[in-house]
Amino acid sequence: MLPWTSMVPLLSIAVVGLGIAVPVGPLLTGVAGLALIGSVLASVHHAEVVAHRVGEPFGTLILAVAVTVIEVALIASMMLAGGPDKSALPRDTIFSAIMIICNGAVGLCVVVGGLRHHEQSFRLEGANAALAALIALATLSLVLPTFTTSSPGASYSPKQLAFAAVASLLLWGVFVFVQTVRHRDYFLPPEGADESAHAPPPSVKAAWASFVLLLVALVGVIGLAKLLSPSLEGAVDAAGAPPTVIGIIIALLVLLPETWAAVRAARADRLQTSMNLALGSALASIGLTIPAVALVSTLLGMPLQLGLGPKDLVLLVLTFAVAAITLGTGRTNVMQGAVHLVLFAAFVFLAFVP
């Protein structure tokens, strides 16, 4: 009999197929919700198996890229279905991803790790490189469109959008090269911390099987999220919440596997893995999403609103300022994590009560 980590991804695909074939009622919505939770947990398991086989930082990079590709597919499909009304969805989703990762995921990892191990360490060189790239990408993609004058509103002109897309993809590519080739040691555990000692690595066959099941589970997550999206949008409208909340929900669903994997790594005293997952996910979220939505917008002639409003700009600047302090010493404790979690709570609260 197959283990649950192998059965759940396959069952999630079956639920998605059922949702396409028949109307989605309350019963199917409940089943889809349970399948979504199971797929997230299964994807985390298979990602950890692959990461343990290939080692850091390749394992965390695989999960970050896989999840971001799924995020891009979901945003693009919702843009195509919603038309001009979804012009701000990429901005809302990317900004939400940054807030969720830099405040929610990082804060939760630091608090969980601090409560269990008091203090934890990570490589300062890799964290600083990732944070510098993230600040540059976020500024090019989400801040400058608010202040440029070539296009009305908080948007880029076609030439500006093309430059931002190429720059984002190029900067992300350089970061991946630094992370995996030129300075791979920057993203490995600090000296004296053996993050691979907790278990022997799996076989090549088991790693390939987990890689395939990871992709199946992620496809299931995105399919189930799309299946549940009408119900989520209806709930948001019924609650009278702003449309930006939809972007938060999408980002939360897509980032659940990485966040859970990062928290588990921090609890096991593998904070370097947590930081690789968190910062790598944020970089991939911008570096891959902006070129993709720019291409969709250009080919279909759809408007694209990227610039943040004043409230979100303040939150973004505050997040990066606190992150620079947290990542500036190479060691973390509960206090730093608590600050990030408070910022995340403020982001969520102000999204519902702007």
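The values are calculated or read from the model by the stated rules, or taken from the named source; none is laboratory data. This is a predicted model, so every value here is computed, not measured. Note: ideal-geometry Cβ built from the backbone for every residue, glycine included; neighbour counts use all protein chains shown.
General observations
- Failed item, numbered, when residue 167 is tested on (1) over 22 Å from the mean Cα position of the chain (by Cα); (2) modelled with pLDDT of 90 or more: (1)
- Selection status of residue 254, surrounded by fewer than 24 Cβ atoms within 10 Å (Cβ to Cβ), assigned to a helix (DSSP H, G or I) and touching a residue at least 60 places away in the same chain (Cβ under 8 Å): no
- Taken over the range 291-314, the criterion of being among the β-branched types (Val, Ile, Thr), surrounded by fewer than 16 Cβ atoms within 10 Å (Cβ to Cβ) and in contact (Cβ under 8 Å) with a residue 60 or more places away in the chain is satisfied by 298 alone.
- The range 19-30 residues that are within 13 Å of residue 226 (Cα to Cα) and in a helix (DSSP H, G or I), paired with ones that are of a type in the set (Ser, Thr, Tyr) and modelled with pLDDT under 85 (beta carbon under 6 Å, 6 or more apart): 29/231
- A search for C-beta distances below 6 Å between a residue of the range 319-341 that is in contact (Cβ under 8 Å) with a residue 12 or more places away in the chain and any residue that is outside any strand (DSSP E or B) and of a type in the set (Asp, Glu), counting only pairs 6+ apart in sequence or on different chains, returns 331/119; 333/119.
- All told, residue 52 meets the bar of being at pLDDT below 80, more than 16 Å from the chain's Cα centre (by Cα) and farther than 30 Å from residue 297 by Cβ.
- For the range 147-168, filtering for residues that are in contact (Cβ under 8 Å) with a residue 12 or more places away in the chain, surrounded by fewer than 17 Cβ atoms within 10 Å (Cβ to Cβ) and assigned to a helix (DSSP H, G or I) leaves 3.
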